[in-house]
Amino acid sequence: MDFNCTVGWANPGNILHGILLRKKLPRCCSGDIGGRFLQQKDRPLCAPMTVVYLKRNGLTLVPLAEDDADALGRLPLTTLRANVSAPRNIQHHKKLFALLKLILGNQERYKSTDELLAAVKVHLGHCDTVFMRDGTEIRIPKSISFTAMDQAEFAQFYDRVLDCVCSEIIPGLSRPDVERQLLEFAQ
């Protein structure tokens, strides 16, 4: 199994937590993360996170490709902190959209796969809730992109989508029937 790993290094007495290219910097850092070192206020320099792909070999993680080995080689010989996750399976992602297309053709409420997916996300609570000044509640569906969810999270989401389809979108439809029709639809 291959892993997507975000690696940062520890400064003496301080570990730089969770800097990803898509997130805001922690308060301790200033500057940008465009490949440069970051100056901490009243602290030594800290480094941006490096994303490397690793392959599990027993209890050891080894670089998947030469670029990953080079990235690890550029890190200092010190304590590292890693957030390890399995990369998403593109076939599973495609299967979700095949399911949405299949369901779209067998109901009349939703007009597009985007609309159907948004409704499912909101129904499953995979959304942010915003309250307007007048008290109106607005739910904004969250992303299911490859960077927003790892494979384990996506697998749980997919299972919940199947349950939602069978209980809410086309009530009475059984999960085995959906899976069988999905196989026929994909062929």
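Each value in this text was obtained by applying a stated rule to the coordinates, not by laboratory testing. Every value quoted in this text rests on a predicted model; they were computed, and no experiment measured them. Methodologically, a virtual Cβ is constructed for each residue, glycine included, from the backbone with ideal geometry; neighbour enumeration extends over all protein chains shown.
So if we plug the beta-carbon distance of Phe97 and Met132 into 1/(1 + (r/R0)^6) with R0 = 35 Å, what FRET efficiency do we get, rounded to 0.05?
It comes out at approximately 0.65.
Specify whether the C-alpha gyration tensor of segment 60-134 places it in the rounded, prolate or oblate class, a ≥ b ≥ c being the square roots of the eigenvalues: rounded for a/c under 1.5, otherwise prolate if a/b is larger than b/c and oblate if not.
Oblate is the answer for segment 60-134, as a/c is 1.5 or above yet b/c matches or exceeds a/b.
How long is the gain from Ser174 to Gln107 if the chain were fully straight, where each residue apart is worth 0.36 nm and the alpha carbon distance is subtracted?
On the way: separation 67, 0.36 × 67 = 24.12 nm, distance 1.53 nm.
Full-extension gain reported as 22.6 nm.
Compare the peptides 145-153, 160-168 by average per-residue count of other Cβ atoms within 10 angstrom and give them in order, highest first. Intermediate results must be reported in sequence, preceding the final value.
Numbers: 145-153: 14.3, 160-168: 16.3.
Packing proxy ranking, top to bottom: 160-168, 145-153.
How charged is the neighbourhood of Phe131? Take every other residue with its Cβ under 14 Å from the Cβ of Phe131, and add Lys/Arg as +1 and Asp/Glu as -1. The partial results should precede the final answer.
Values: positive: Arg133, Arg139; negative: Asp128, Asp134, Glu137.
My count for the surroundings of Phe131 gives -1.
Run the Debye formula on the Cα coordinates of segment 90-133, all scatterers equal and no solvent, and tell me log10 I(q)/I(0) at q = 0.29, 0.32, 0.34 1/Å.
Debye curve over Cα of segment 90-133, log10 I(q)/I(0) at q = 0.29, 0.32, 0.34 Å⁻¹: -1.05, -1.12, -1.15.
How much length is gained on full extension from Ala155 to Ala186, taking 0.36 nm per residue of separation minus their Cα-Cα distance?
Residue separation times 0.36 nm, minus the Cα-Cα distance, leaves 9.3 nm.
Report the residues of segment 63-106 in range of a label on Tyr53: point 7 Å along Cα→C-beta, backbone N strictly under 15 Å from it.
Counting backbone N atoms under 15 Å from the label point, the list is 63-72, 85-91.
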